[in-house]
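See below for the structure under consideration.
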Amino acid sequence: MPVELLTEDLDFTPECERALLEIFTRYDKDKDGALNDTELQAFATFTNGHNFSSTELEDIRTYLKCTKEGWLLKEGFLQMYSLQSASGDLDETWKDLEKHGYTKDLVLKKE
């Protein structure tokens, strides 16, 4: 049985948050605490098989926590997954976690 991703209050469990932040850090190549367009599109391509559309990028910049340059902050990355997960799309969140090497116990598989 997989571990829970969300608490009863629809917050991430500590294990889930730790995994998501590890994934964020993996794409934050310049280690500035935000995903610039290149880093964000690398994440999108690996995760979904294609870049975010211009509309999706605009939505990210409008509705999620970003820098003044429009780069997605860690908090915004967690918001993105919180919206997806709390809306009932846990299967999509699991798919993304597994794509990035996590097991149903939220343990990163050894390469």
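Quick notes on this one:
- Count - residues of the stretch 58-83 that are without any contact (Cβ under 8 Å) to a residue 40 or more places away in the chain and either closer than 13 Å to E17 by Cα or surrounded by fewer than 15 Cβ atoms within 10 Å (Cβ to Cβ) (or both): 11
- Filtered residues of the stretch 20-41 (kept if open to solvent by less than 50 Å² (accessible area, probe 1.4 Å) and either among the small types (G, A, S) or touching a strand residue (DSSP E or B) at 6+ places or on another chain (Cβ under 8 Å) (or both)): L20, F24, Y27, D28, G33, A34, L35, L40
- Hits in the stretch 66-101 - residues which are more than 12 Å from the chain's Cα centre (by Cα) and either among the small types (G, A, S) or within 20 Å of K29 (Cα to Cα) (or both): C66, T67, K68, E69, G70, W71, A86, S87, G88, G101
The values are calculated or read from the model by the stated rules, or taken from the named source; none is laboratory data. None of the values given here were measured: they were computed from a predicted structure. So basically every Cβ, Gly included, is an ideal-geometry build from the backbone, and we count neighbours across all protein chains shown. Note: accessible area is taken over every heavy atom of the protein model, side chains too, but ligands, DNA and RNA are not part of it. Shrake-Rupley method; radii C 1.70, N 1.55, O 1.52, S 1.80 Å.
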